[in-house]
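First the structure, in the form of structure tokens, and then the observations on it.
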């Protein structure tokens with residue numbers, strides 16, 4: 001792992017690569033609270049087979065990267081309640097810091113310019129990179145994301161009910177079943193998750209590292225960085241806004257508005273797609289992403 005010195009902290013960023021480093025690079029950025037293990041192996045293999053150098057990192061404070069559990073914050077539910085009361089907060093880091101980690105990783109790998117495929121929060125980070133560091137990006141694919149801050153009132157009630165229910169206990173079995181239930185309802189029924197693989201992924205994520213408070217710190221980072229209307233208007237790199245018609249966390253209308261803000265952005269709406277990239281989606285998504293990358297490079 002490269003060791004990155006950022007904000008007076010030694011930050012080690014864990015990552016995997018696929019394909020040849022001589023090929024054009026694509027960086028895959030996950031959503032809040034998830035690790036690089038959630039990318040379908042077929043997605044990574046398909047991109048590499050298409051002649052792309054795939055880079056899939058874990059963010060700081062999650063997975064194989066450096067834990068920042070020493071930066072203590074309230075439990076996630078308590079933090080949400082404090083937001084509802086209008087209480088101020090201080091974020092230990094911001095999305096701009098996560099973007100800086102990605103730039104440092106590109107430097108470490110000797111990559112001058114890359115396409116970013118950002119899912120959910122990864123799309124937020126990708127927007128910041130595209131707007132503030134256009135010389136380092138060859139293109140941006142924003143999937144399941146938008147320019148706006150997350151809003152609980154925009155999340156479908158059936159999804160919110162599962163997310164707020166919590167696990168029945170702190171046992172490994174109950175935590176796993178809760179995580180699976182969240183993944184199921186977010187992905188939806190048309191393109192369901194691969195449950196056997198997700199069971200392995202979720203167990204492995206806990207083994208690799210879910211630092212105490214990392215979900216709160218990441219959400220604080222999102223809120224502290226603010227919405228990105230101005231960022232999107234500044235994006236000058238080729239951009240594809242990819243979104244599911246059945247995304248019940250990030251409304252399709254918000255993604256389409258983002259596409260209007262980004263000059264020249266392309267839009268691809270996948271009918272029935274929820275808020276996840278599942279293997280059953282790949283026949284529709286992978287060829288479109290490869291085609292976009294070839295035209296952007």
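The values are calculated or read from the model by the stated rules, or taken from the named source; none is laboratory data. The structure displayed is predicted, hence computed values, not measured ones. Every residue, glycine as well, gets a Cβ built from its backbone with ideal geometry; the counts of neighbours run over all protein chains shown.
Within region 149-168, is there a residue that is surrounded by 23 or more Cβ atoms within 10 Å (Cβ to Cβ) and within 28 Å of residue 279 (Cβ to Cβ)? No, region 149-168 contains no residue that is surrounded by 23 or more Cβ atoms within 10 Å (Cβ to Cβ) and within 28 Å of residue 279 (Cβ to Cβ). Summed over region 1-36, the residues that are part of a strand (DSSP E or B), at pLDDT 95 or above and farther than 30 Å from residue 182 by Cα give a count of 1. The residues listed here are 118, 144; of these, the one that is crowded, with 24+ Cβ neighbours inside 10 Å and out of contact with any helix residue (DSSP H, G or I) (no Cβ under 6 Å at 6 or more places or on another chain) is 144. Here residue 248 does not qualify as within 27 Å of residue 14 (Cβ to Cβ) and either at pLDDT 95 or above or not in a helix (DSSP H, G or I) (or both). Exactly one residue out of 242, 286 is under 18 Å from the mean Cα position of the chain (by Cα), assigned to a helix (DSSP H, G or I) and at negative phi, and it is 286. Looking at 153, 107, just one residue is within 19 Å of residue 11 (Cα to Cα), assigned to a helix (DSSP H, G or I) and modelled with pLDDT under 95, and that residue is 107.
I'd like the full set of residues that are farther than 17 Å from residue 157 by Cα, surrounded by fewer than 20 Cβ atoms within 10 Å (Cβ to Cβ) and touching a residue at least 40 places away in the same chain (Cβ under 8 Å), limited to region 240-256.
254
Quick check, is residue 191 out of contact with any strand residue (DSSP E or B) (no Cβ under 7 Å at 6 or more places or on another chain), crowded, with 16+ Cβ neighbours inside 10 Å and in a loop (DSSP other than H, G, I, E, B)? So residue 191 fits the description; yes. For region 198-217, the set of residues classified as in contact with a helix residue (DSSP H, G or I) (Cβ under 8 Å, 6 or more places away or on another chain) and more than 27 Å from residue 91 (Cα to Cα) consists of 198, 199, 201, 203, 204, listed by residue number. Residue count for region 257-279 under the criterion of being in a helix (DSSP H, G or I) and surrounded by fewer than 15 Cβ atoms within 10 Å (Cβ to Cβ): the result is 1. Against the criterion of being closer than 21 Å to residue 236 by Cβ and in contact (Cβ under 8 Å) with a residue 60 or more places away in the chain, residue 133 does not qualify.
Taking residue 70 and the conditions (1) out of contact with any strand residue (DSSP E or B) (no Cβ under 8 Å at 6 or more places or on another chain); (2) at pLDDT 95 or above, which numbered condition does it fall short on, given that it satisfies the others? Failing condition for residue 70: (2). Residue pairs whose Cβ atoms lie under 6 Å apart, separated by 6 or more positions or on different chains, with the first residue in region 262-276 and closer than 17 Å to residue 233 by Cβ and the second part of a loop (DSSP other than H, G, I, E, B) and modelled with pLDDT of 95 or more, are 262/235.
A quick yes/no check of all residues on (1) assigned to a loop (DSSP other than H, G, I, E, B); (2) touching a strand residue (DSSP E or B) at 6+ places or on another chain (Cβ under 9 Å):
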{"position": "79", "(1), (2)": "no, no"}
{"position": "90", "(1), (2)": "yes, no"}
{"position": "111", "(1), (2)": "yes, yes"}
{"position": "115", "(1), (2)": "no, yes"}
